[in-house]
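The next block holds one structure in the form of structure tokens; read it before the comments.
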Amino acid sequence: MTNSNWLLPEYIQDMLPDEAARIECMRADVLELFRLSGYQLVVPPLLEYAESLLINDSHDMDLRTFKLVDQLSGRTLALRADITPQTARIDAHLLNRQGITRLCYAGSVLHTQPAGLMRTREQLQIGAELYGHAGLESDLEIQCLCLQALTSLGIKGIHLDLGHVALFRALVKRAGISAALEAELFNALQGKDAPALRMLVTGLVPEVKKALLALPHLYGGVEILAEARTVLPDYPEVTAALNALQQAAMHLQPLAHSIGIDLAELRGYHYHSGMVFAAYHANSHDAIALGGRYDDVGKSFGRARPATGFSMDLRQLHGLLAQQAQPKGILAPHQSDAALHKKISELRSQGQAVVVDLLNNPALRSELGCDRELVLRNGAWQVVELKF
């Protein structure tokens, strides 16, 4: 019988040395960008009470979350599927600041199902959140930071999609639509299911009916906003949303390869409350960064605060980058020699990797990842090219 204990669950993968080293460099570079932009690092726990992670009764989040019973308290625990709710909890209760709070994070999240094609269920999520400011300026700061982070990693040709969930919310509210019909309309819009949408809007006031039927077709370049102003009702909430999208598109054009508008995009509708955005790359089936405004999240922790943020999966981003060989090290013999030990310490203090050859087996040296070696010449230890 074959031993299969080394196998991992489906859509769960190890990170081997080259990938792990590269991703660690990516993580450090992005966190440094965040730090220089005023974002403070937090490290929430992987495990929390389920109700703290399943905010706003999000059905999607509930399905994505692993749950278990705590043997100490008997309560239901959950393995986080997203770090954003945890930063909202930290802002609301642990920091409890009255002004603007900028937080960032990097850590593993677990999903019960893969989030997209060829995606792992254990993502390495990195992101930034801004609390305490409700204006467009904070949306733009977060969107710019997202694009700067992707660019700093060497990812080019970024397409940014912008949407605004307040458009649909305003239409639903003005028409007095029931929660059940709202859910059906939401599903039809997400699937761009025109026949279902036409059936669902029967009986609604004409201007809302016209607007809902138009939403699936209002996607394309920034010019689509001009068309939207002619077919959508002149509600203050609709006008404000379109104005915000117009300003954001103009502001972000220098940072993105292209910008698109999709007014039927309701991703995270039960989570987000304003402008939403997603970054795409030609070599990825799925979005490579997601973000938006989520002012209502703090209510789950008893302190509603304006909030906006974004997150990315470093493992997904690593797959978009050209593979680079890791720097080679220096091979050192295993000897009790004070001068040798001093030389090894000096080289390591300079940032050089020095690997001690414990086996002293020439046939296995190629496995140690070295291209140089320390040899004793003229009474001094010197670094020379390693020949196999």
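General observations
- Test result for Gln323, under 23 Å from Ser108 (Cα atoms), crowded, with 16+ Cβ neighbours inside 10 Å and either within 34 Å of the chain's Cα centre (by Cα) or not assigned by TED's automatic domain parsing to the domain that holds Asp82 (or both): no
- Helices (runs of 4 or more DSSP H) (entirely within the stretch 174-237) containing at least 3 residues that are modelled with pLDDT of 90 or more and over 23 Å from Ala248 (Cα atoms): 179-190, 194-200, 206-214
- Of everything listed in (1) over 30 Å from Val165 (Cα atoms); (2) among the β-branched types (Val, Ile, Thr); (3) in contact (Cβ under 8 Å) with a residue 40 or more places away in the chain, the single unmet condition for Val276 is (1).
- There is at least one residue in the stretch 277-286 that is hydrophobic (A, V, I, L, M, F, W, C) and surrounded by fewer than 22 Cβ atoms within 10 Å (Cβ to Cβ).
- Looking only at the stretch 59-95, and only at residues there that are in contact (Cβ under 8 Å) with a residue 60 or more places away in the chain and either under 24 Å from Tyr280 (Cβ atoms) or among the polar types (S, T, N, Q) (or both), the one that is surrounded by the fewest Cβ atoms within 10 Å (Cβ to Cβ): Asp60
- Here the strands (runs of 3 or more DSSP E) wholly within the stretch 349-388 that include at least 1 residues being more than 37 Å from the chain's Cα centre (by Cα) and surrounded by fewer than 12 Cβ atoms within 10 Å (Cβ to Cβ) are 370-377, 380-385.
- Qualifying residue in the stretch 129-137 (condition: out of contact with any Gly (no Cβ under 8 Å at 6 or more places or on another chain) and without any contact (Cβ under 8 Å) to a residue 24 or more places away in the chain): yes
- Some residue of the stretch 207-220 being closer than 21 Å to His272 by Cβ and surrounded by fewer than 16 Cβ atoms within 10 Å (Cβ to Cβ): no
- Residue within the stretch 307-316 that is at pLDDT 95 or above, surrounded by fewer than 18 Cβ atoms within 10 Å (Cβ to Cβ) and in a helix (DSSP H, G or I) present: no
- For Tyr131, the criteria (1) out of contact with any Asp or Glu (no Cβ under 7 Å at 6 or more places or on another chain); (2) closer than 30 Å to Ile23 by Cα hold in every case but one, which is (1).
- When residues in the stretch 128-161 are screened for being assigned to a loop (DSSP other than H, G, I, E, B), of a type outside the set (D, E, K, R) and under 23 Å from Arg27 (Cα atoms), 5 of them pass.
- Any hit, the stretch 32-53, residues being of a type in the set (D, E, K, R) and at pLDDT below 95: yes
- Residues satisfying the stated conditions in the stretch 18-69, i.e. among the small types (Gly, Ala, Ser), in contact with a strand residue (DSSP E or B) (Cβ under 6 Å, 6 or more places away or on another chain) and on the phi < 0 side of the Ramachandran plot: Ala50
- Selection of the stretch 150-176 for residues being out of contact with any strand residue (DSSP E or B) (no Cβ under 7 Å at 6 or more places or on another chain), over 15 Å from Leu232 (Cα atoms), of a type outside the set (Lys, Arg) and in contact (Cβ under 8 Å) with a residue 60 or more places away in the chain yields Thr151, Ser152, Leu153, Gly154, Ile155, Gly157.
- Residue list for the stretch 352-376, restricted to those being modelled with pLDDT under 95, over 16 Å from Gln335 (Cβ atoms) and of a type in the set (S, T, N, Q): Ser366
- Residue identified as surrounded by 13 or more Cβ atoms within 10 Å (Cβ to Cβ), of a type outside the set (Phe, Trp, Tyr) and out of contact with any helix residue (DSSP H, G or I) (no Cβ under 8 Å at 6 or more places or on another chain) among Asp29, Asp18: Asp18
- Qualifying residues in the stretch 247-276 (those that are touching a Phe, Trp or Tyr at 6+ places or on another chain (Cβ under 7 Å) and closer than 25 Å to Leu124 by Cβ) - the one surrounded by the fewest Cβ atoms within 10 Å (Cβ to Cβ): Tyr271
- Whether a residue is of a type in the set (Gly, Ala, Ser) and not assigned by TED's automatic domain parsing to the domain that holds Gly132 was assessed, and Ser311 does not pass this test.
- The condition (being touching a residue at least 40 places away in the same chain (Cβ under 8 Å) and within 20 Å of Met26 (Cβ to Cβ)) is satisfied by just one residue among Ala339, Ala325, Ala353, Ala332: Ala325.
- Yes/no for Ala88 being closer than 17 Å to Ser300 by Cα, assigned by TED's automatic domain parsing to the domain that holds Gln123 and touching a Phe, Trp or Tyr at 6+ places or on another chain (Cβ under 7 Å): yes
The values are calculated or read from the model by the stated rules, or taken from the named source; none is laboratory data. Since we're looking at a predicted model, the values are computed, not measured. Here Cβ is always computed from backbone atoms with ideal geometry, including for glycine, and neighbour counts include all displayed protein chains.
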